[in-house]
Every structure is written in C-alpha cells, then in structure tokens.
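Since the structure comes first, as structure tokens, the remarks are kept for the end.
Read-outs: derived from the displayed coordinates by stated rules, not from any lab. Quick caveat, the model's predicted, so the values are computed rather than measured. When we count neighbours, we look across all protein chains shown, and the Cβ atoms used for this are built from the backbone with ideal geometry, even at glycine.
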Amino acid sequence: MSRTCPEELADRLAIMDVLNRYARGIDRCDLAVLREVWWPEAVADYGTGEVNALVWSDGVVPALAAMRRTQHFLGNMLIEIDGAHALAETYCRAWHEVDGPDGPFEMEVGGRYLDRLERRSDDWRLLHRRYVLDWSRNGPSTAQWDGPLYGTLTRHGKRLPEDPLYTGD
C-alpha cells in the first residue's frame, strides 16, 4: 500500500465535497449549489444520452421541486486521482416521494455515478457523469409524519429557501 501525500488527501476531500454538494443541490432544489459542481462544458448522461450538465440542472430542479421530497444518500466512494484529473465511482441511493393517483407514492433507486473530474487552479468540479441504475423499488408511501414517535419531530426537510439549512430553524 502506497503512502498518500497531504496534497492528494486534500484533493480527495475536495472531490468528496463536490459529490456531496451535488446531493445537497438536488435535494434542496438549490440550483446555484447544483450548478457550482459542474464545469461549464460538463456533460451528464443519466441513461438517456449526453446533455450539457448545466442545461440538465436547469431542467431537473423544477422536476424535483414538483415532488413531495427527495433524499440522495451517497455511499462507497472510490476515487483515483492522476494530477489534475480524477475518476470516481460513487454508490447512491435516491428516495423520492411523489403524489400518485391513489395518494403518496415512493420511488427508490440504487445506482452509481461514474464521474470524471478536473481540478482547475484549486477548484475540483465534475466534467463528465454517467449514471448506472442497479435496482429500483416502487410502491405506496410508507412515510409517517405524525403519531407518538414522529409527531414530536417537527423539523422537516424542505426545499430552498424554507429548509432549516437556510432558515437556521
């Protein structure tokens, strides 16, 4: 096993931060945060073909905002750094609650982001993303928001600008 230099550790943490800010931007529907993870010429391919990532971001935020709530959880991250370039494979579970004809409906997917990132000056951002869908689960929502256990938990995740992240509540 080779030793990792402080610069590579700093790069690795910066890359992890970019990936985590992506999840924040998506779940809070914070377009400014989401747009900051991409280089202007970045390409995203979520399975339907390559598109400019900034254009994709502009379209996905309104679609997500129409959902009741979402949560993207990032898991295993394997990052290979080569100078100012990096490859990353990141496991993701994404939960979505939407309004269905028979009431709230849950969609959950498990997949991986296959990313190419680039450092310019001291700034790491995504240059190319491919999403791989590994599994999905769908059905009526089982979320509970009241009762003796959940009724006392009154701080709920919301979208920009009402989320406690932005309001300080």
Specify which of the listed residues (GLU118, GLU97) is crowded, with 16+ Cβ neighbours inside 10 Å and in contact with a His (Cβ under 8 Å, 6 or more places away or on another chain). GLU118
Could you pull out the residue among ALA23, ALA86, ALA65 that is touching a helix residue (DSSP H, G or I) at 6+ places or on another chain (Cβ under 7 Å) and among the hydrophobic types (A, V, I, L, M, F, W, C)? ALA86
Can you find a residue in segment 50-64 that is in a strand (DSSP E or B) and touching a residue at least 60 places away in the same chain (Cβ under 8 Å)? no
Check segment 10-28 and report whether any residue there is of a type outside the set (Gly, Ala, Ser) and not in a helix (DSSP H, G or I). no
For the subset of segment 26-54 comprising residues that are among the acidic types (Asp, Glu) and in contact with a strand residue (DSSP E or B) (Cβ under 9 Å, 6 or more places away or on another chain), which member is nearest to GLU162 (Cα to Cα)? ASP27
